[in-house]
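Undergrad: I have a structure here, written as structure tokens, and I will follow up with some questions on it.
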């Protein structure tokens, strides 16, 4: 796999959906789904920690030839069910581009909470759960990185537009 596989959100999402992985899209792609013009170079998801889901997710990661980003060469870093249950954040490189897995994107959010408010979007014929706009804003605010603060500006403007329509 090249160091910089071409990013294909559709291929990554298709693999996850086909394997019946329970997840909610968070981050840049979810922001785009809500109308943000900002471009993303990876797919961020929050996943269910149910044992069967972790097994399905581990299988998909194997199929995608996923490896951890930032791990020195030669270091064995498994992506099996046990590792996925034990960790909170996994930054991965796959044959379809970068994929970030977050079990708890923020101390106040986990899969069940995000999923309860998530919104369905159609992405190239695939129905996908995306984080609610207000949850995205809260996660970006908690992260506090410069790129997140910029995203808050756009997401806040989208929230204002929606509120004015209602």
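Undergrad: Among the residues of segment 17-28 satisfying the criterion of being touching a strand residue (DSSP E or B) at 6+ places or on another chain (Cβ under 6 Å) and modelled with pLDDT of 90 or more, which is nearest to residue 146 (Cα to Cα)?
TA: Here the answer is 26.
Undergrad: May I pose another question? Filter segment 84-100 for residues that are more than 13 Å from the chain's Cα centre (by Cα) and free of Cβ contacts under 8 Å to residues at least 24 places away in the same chain and give the result.
TA: Result: 86, 87.
Undergrad: Could I ask something else about it? Output the residues belonging to segment 124-160 that are under 14 Å from residue 31 (Cα atoms), modelled with pLDDT of 85 or more and not in a loop (DSSP other than H, G, I, E, B).
TA: Once the filter is applied, which keeps residues that are under 14 Å from residue 31 (Cα atoms), modelled with pLDDT of 85 or more and not in a loop (DSSP other than H, G, I, E, B), segment 124-160 yields 128, 129, 130, 133, 134, 135, 136, 137, 138, 139.
Undergrad: Got a number for residues in segment 114-129 being loosely packed, with under 14 Cβ neighbours inside 10 Å, closer than 21 Å to residue 64 by Cα and in contact with a strand residue (DSSP E or B) (Cβ under 8 Å, 6 or more places away or on another chain)?
TA: 1
The values are calculated or read from the model by the stated rules, or taken from the named source; none is laboratory data. Nothing here was measured: the structure is a model prediction, and the numbers come from that model. Cβ atoms come from the backbone with ideal geometry, glycine included; neighbour counts cover every protein chain shown.
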